[in-house]
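Below is one structure, written out as structure tokens; comments come after it.
The values are calculated or read from the model by the stated rules, or taken from the named source; none is laboratory data. Because the structure is a prediction, the values reported are computed rather than measured. Cβ: placed from backbone, ideal geometry, glycine included. Neighbour counts: every protein chain shown. SASA here: full protein model, heavy atoms, side chains in, ligands and nucleic acids out. Shrake-Rupley method; radii C 1.70, N 1.55, O 1.52, S 1.80 Å.
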Amino acid sequence: LTYGELGTRVERIAVGLARLGVETGDVVSYQLPNWWEFVALHLACLRIGAITNPMMPILRRRELEFMLNHARSKVIVTPSVFRDFDYAAMIAGMRDVLPHLKHALAIGGPGEAAFERLYADPVDRAEADRLFAARRPSPDDIIQVLYTSGTTGEPKGVMHTSNTLISNLGPYRERLLLSDRDTVFMASPLAHQTGFMYGLMMPFVLGVPVVLQDIWNKTVAADLFAEEKATYTMASTPFLADLTDEAER
């Protein structure tokens, strides 16, 4: 996708979410792998003043029920099926215990439940401009709620603003001398703050391409580095150890 193509989809998704009843300050949850839809959903939420709530794809009903109720999520977006797991069926089986959830959309889902319908049709330019102008968040408005792992109790919903998130990127960019000549590679989950800040936000700060990998495979990753000429990534030690092994091979 070019920036222009992504921007068009973002605008359509943003208008689509507003038409579903998403208001300023409402929480939009999504449990997605490292796909372009993850990036577009966050940017669409920004356009209409909604709050992004990313959730790891490995989570199941117990964690989701707590998080979705605690955040009072109005919309959730999942894959229909990913890695042989039926996310749409899991969410459908939870609707009776999620009183705040109004819409469950699935990528690759059927009919009205299809996420794709949000960006299928062009937006009315005047409608979109009015909507985005009225909903534009300030740098200190909450734009993200990210839940902790819950290893010592129930997960905590950590709230972030544009300023608190982007304050991490400036010093990091300066320290590593990142510039508009770089290409970002990200296999760390975008639903972790590492992936979110350095794989979703950093490419936009730099104005550069990003290469996303949804299922970790060190051979595929090494091939993508070579093919896409990626210059930078950020990940935990197992990712880097795998890449070192692959480089030696």
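Miscellaneous remarks
- Spin-label model distance (nm) - ASP214 vs LYS229, 7 Å beyond Cα toward Cβ: 2.7 nm
- With all protein chains kept in place, the per residue accessible area of region 132-249 amounts to 55 square angstrom at a probe of 1.4 angstrom.
- Springs between Cα atoms under 10 Å define the GNM used for the chain, and in it the highest mean-square fluctuation of ALA235, ALA104, ALA14 occurs at ALA235.
- Taking every DSSP helix (H) stretch of at least 4 residues in the chain, weighting each as -39,500 (n - 2.57) and dividing the sum by the residue count yields a mean residue ellipticity at 222 nm of -11500 deg cm²/dmol.
- C-alpha center-to-center spacing [region 83-122, region 26-40] in angstrom: 12 Å
- For the chain, the carbon plus sulfur part of the accessible surface works out to 53%, probe radius 1.4 Å.
- Shown in residue order for region 178-194 are the 3J(HN,Hα) couplings computed by the Karplus curve 6.51 cos²θ - 1.76 cosθ + 1.60 at θ = phi - 60°: 6, 8, 6, 9, 8, 10, 8, 10, 9, 10, 4, x, 5, 7, 8, 5, 4 Hz (x for Gly and Pro).
- With R₀ fixed at 51 Å, the C-beta to C-beta distance from ALA92 to ARG249 puts the FRET efficiency at about 0.70.
- Degrees separating the helix 61-71 axis from the principal Cα axis of the chain, which is the longest one: 70 degrees
- Solvent-accessible area of ASP141 with every protein chain in place, 1.4 Å probe, in Å² to the nearest 10: 70 Å²
- Max mean-square fluctuation residue, GNM over the chain, Cα-Cα springs under 10 Å, options GLU228, GLU127, GLU37: GLU127
- Length-normalised contact order of region 1-132 in % [C-alpha pairs under 8 Å, at least 6 apart]: 27 percent
- Degrees, to the nearest 10: 218-228 long Cα axis against longest axis of the chain: 90 degrees
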